[in-house]
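J.: Input: one structure, supplied below.
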Amino acid sequence: MEESRKKPIMIAVIVVCLGAAAFITFRGGSGGGGGFEDIPNDATVWVKCNNPSCNAEYEMNEKEYYKQMREQPFDPDAPSAPPLTCEKCGKPSLYLAIKCANPACGIVFFKGAAGPNDFPDRCPKCRISKMEEDRKQRLQGGGG
C-alpha cells in the first residue's frame, strides 16, 4: 500500500482507539454497577465465628462487612478471605456465612459446608440449596 493511503488509515485507527478508550473510561467512572456505594444501607450478611469456644453467628451490615474487609491485609496466596474480629469473643475468627433457606431448619453455616462438588449454599443439615431450587425453576419455566 502506498504511503499516502496508509497515513489516513492509521489516523482513523488511532482516533477510533482514543474514542473507545474515552468511552470505557467515562462509562466505568460513572458507577457502572457492582460498587460498594451500590449496596443498600439496610442490607445485611450473615457471619459466623470459627472459634470453637464461641461459634457466634449474627447478621452484620453488608457495607460495614466490606468496609472491614477492605481494611484487612491482602494476601493473594491465602486460600480464603482473612477473618474479621468477632464482636462476641474479640478473636479474628469471623467469616462470611449463609443462613439456610429452609425456615424449618434455619442454621447458619460456612459457604461450601456440604462439600466442594456441591452448591455452595447447600445446607449441611437439611440438604436444601436455594441456588439449586432457583435453577430448577428457571429450567422448568423455559429458561427465562
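J.: Counting only residues that are in a strand (DSSP E or B), touching a Lys or Arg at 6+ places or on another chain (Cβ under 9 Å) and either of a type in the set (D, E, K, R) or without any contact (Cβ under 8 Å) to a residue 60 or more places away in the chain (or both), how many does the range 94-140 have? Write out each step before concluding.
T.: To start, the set of residues in the range 94-140 that are in a strand (DSSP E or B) comprises 94-99, 108-110.
If we keep only those that are touching a Lys or Arg at 6+ places or on another chain (Cβ under 9 Å) as well, we get 94-98, 108-110.
Narrowing the set further to residues that are either of a type in the set (D, E, K, R) or without any contact (Cβ under 8 Å) to a residue 60 or more places away in the chain (or both) leaves 94-98.
Residues flagged as in a strand (DSSP E or B), touching a Lys or Arg at 6+ places or on another chain (Cβ under 9 Å) and either of a type in the set (D, E, K, R) or without any contact (Cβ under 8 Å) to a residue 60 or more places away in the chain (or both) within the range 94-140 amount to 5.
J.: Can you find, within the range 9-63, the residue that is modelled with the lowest pLDDT among those that are in a helix (DSSP H, G or I), of a type in the set (Gly, Ala, Ser) and surrounded by fewer than 10 Cβ atoms within 10 Å (Cβ to Cβ)?
T.: Among them, the one singled out is GLY29.
The values are calculated or read from the model by the stated rules, or taken from the named source; none is laboratory data. The structure presented is a predicted model; accordingly, all values stated were derived computationally and were not measured. Cβ sites come from the backbone with ideal geometry, for glycine too, and all protein chains shown count toward neighbours.
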